Amino acid sequence: MKNLLVGFLIIIAFISGYLISQKYNLKIETKSPTLTITPSTEPTITEISSPSSTPTPSIEVQENLKEIIKQLLINIHGQTADNLNITISKQEGNYAKGGASGQGGGGMWLATKHDGKWTIIFEGNGAPDCKFIRSFNFPEDMLVNVCD
């Protein structure tokens, strides 16, 4: 029963975070190792060109990115996200795609790196705003089954 309640709370947290992020278009900015979220009324679209060929990131780089994504999700959803298992399904240059899962389920995330800082562009289970996501020039193979 306790696991069911925890799972339900995680799902509610994801849904709430998604709805809040859609209403306020939250942007995550860093000035130091501490991450903060700044609400914005309009999406900031930055032109970032896709790399033509990028070597596969090392395990150390991927583990570091997992920790960064986990911290960004904690900033969005609170400490309940601390127990999430973060996976990276693809990383190419300044673009990454993966999942976050816990006892109550999970969702996917898309992130970009600009000026040395990772930002979650989308996270959750719902249908993403593909026009917004494409404005970041994600590699098309990362958007298969996301924005078809």
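The values are calculated or read from the model by the stated rules, or taken from the named source; none is laboratory data. Quick caveat, the model's predicted, so the values are computed rather than measured. When we count neighbours, we look across all protein chains shown, and the Cβ atoms used for this are built from the backbone with ideal geometry, even at glycine.
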- Task: Only residues that are modelled with pLDDT under 75, hydrophobic (A, V, I, L, M, F, W, C) and more than 23 Å from ASN137 (Cβ to Cβ): list them for the stretch 46-82, please.
- Result: ILE59, ALA81
- Scanning the stretch 91-105 for residues that are at negative phi and at pLDDT below 85 gives GLY102, GLN103, GLY104
- Note on the stretch 104-128: residues in contact (Cβ under 8 Å) with a residue 40 or more places away in the chain, in a loop (DSSP other than H, G, I, E, B) and surrounded by fewer than 16 Cβ atoms within 10 Å (Cβ to Cβ) are ASN125, GLY126
- Which members of the stretch 85-103 meet the condition of being under 13 Å from PHE14 (Cα atoms) and free of Cβ contacts under 8 Å to residues at least 60 places away in the same chain? GLY99, ALA100, SER101
- What number of residues within the stretch 73-103 are in a loop (DSSP other than H, G, I, E, B) and either touching a strand residue (DSSP E or B) at 6+ places or on another chain (Cβ under 7 Å) or buried (at least 19 other Cβ atoms within 10 Å of the Cβ) (or both)? 2
